[in-house]
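Worksheet for the structure shown next.
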């Protein structure tokens, strides 16, 4: 599924990722935890193909395809999804038009038929209810006037609509209340299957109470310094990151 080998990445000339190696097999959910500045968001943006993240060396593949050789839209068409830490607003662009256009662009790139207007409308209304968004919300311009929690619900709506092969969730739990955290957990658990993978990036264990990961990795100073099972998240909650920062 997702394989990262000895990845070195710089931002504005400063090396942030310093030989990161990680593999997430199909059917598994892996969590990355770490202190501020450890490289968590740099990792997610690099995998997704965001500008300004300079890959110095190393590789990233999804199902054997070299992601680093693809544009962001091509990576999305391969089935890669990124849930943003701070979702943006797009004034003047209606939410349903935005999501349907994105879905059909991906389908076209995969030589699949476009989704019809009727099928799309039926699907998005049902899935909007799943994430706690009503018809009025999905008829508005994309994320405009939404609270932070509503923007995260919109991220989850896109996740269930696109049904990607591999989803990266970059601190999706930031600013969420208990009900919204449970909703995110329900969405991920609903989509878990043997052919799909997840990489959940978070500071805290609270999201992992709803999404039980198959593995937890500690990222410090640009590299993975410890890996373990779900119990590692509980250890981090008790003892903090200091010991791992020192080790890095």
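What follows is calculated from the coordinates using simple rules that are stated; it is not laboratory data. The structure displayed is predicted, hence computed values, not measured ones. Heads up, the Cβs are rebuilt from the backbone with ideal geometry, glycines too, and the neighbour counts pull from every protein chain shown.
Results, tabulated for the structure shown:
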{"read-out": "Exposure proxy ranking, count of Cβ atoms within 10 Å, fewest first, for 111, 147", "value": "111, 147"}
{"read-out": "Stokes-Einstein diffusion coefficient of region 100-139, Kirkwood radius over Cα pairs, 37 °C, 0.692 mPa s, in µm²/s", "value": "299"}
{"read-out": "208, 7 arranged by Cβ crowding within 10 Å, fewest neighbours leading", "value": "208, 7"}
{"read-out": "Among 102, 233, 76: highest mean-square fluctuation, GNM of the chain, C-alpha pairs under 10 Å", "value": "102"}
{"read-out": "Among 90, 47, 224, residue whose mean-square fluctuation peaks in a GNM of the chain (springs only between Cα atoms under 10 Å)", "value": "90"}
{"read-out": "FRET efficiency estimate (nearest 0.05) - Cβ-Cβ, residue 203 to residue 118, R0 41 angstrom", "value": "0.45"}
{"read-out": "FRET E, pair residue 12, residue 86, Förster distance 22 Å, beta-carbon r, rounded to 0.05", "value": "0.70"}
{"read-out": "Order of 231, 5 - criterion: other Cβ atoms within 10 Å of each residue's Cβ, fewest first", "value": "231, 5"}
{"read-out": "Tail fraction, Cα-Cα pairs, region 41-144, threshold 24 Å, whole percent", "value": "36"}
{"read-out": "Those residues of region 131-162 whose amide nitrogen sits under 12 Å from the label point placed on residue 94, 7 Å along Cα→Cβ", "value": "138-142"}
{"read-out": "Paramagnetic label zone (point 7 Å from Cα along Cα-to-C-beta, residue 63; backbone N under 20 Å) in region 18-49", "value": "23-30, 47-49"}
{"read-out": "Relative contact order (%) - criterion: Cα under 8 Å, at least six apart; region: region 2-247", "value": "28"}
{"read-out": "Förster radius 45 Å - calculated FRET efficiency between residue 227 and residue 140, Cβ distance, rounded to 0.05", "value": "0.60"}
{"read-out": "Gaussian network model of the chain, springs between alpha carbon atoms under 10 Å - residue of 126, 77, 48 with greatest fluctuation", "value": "126"}
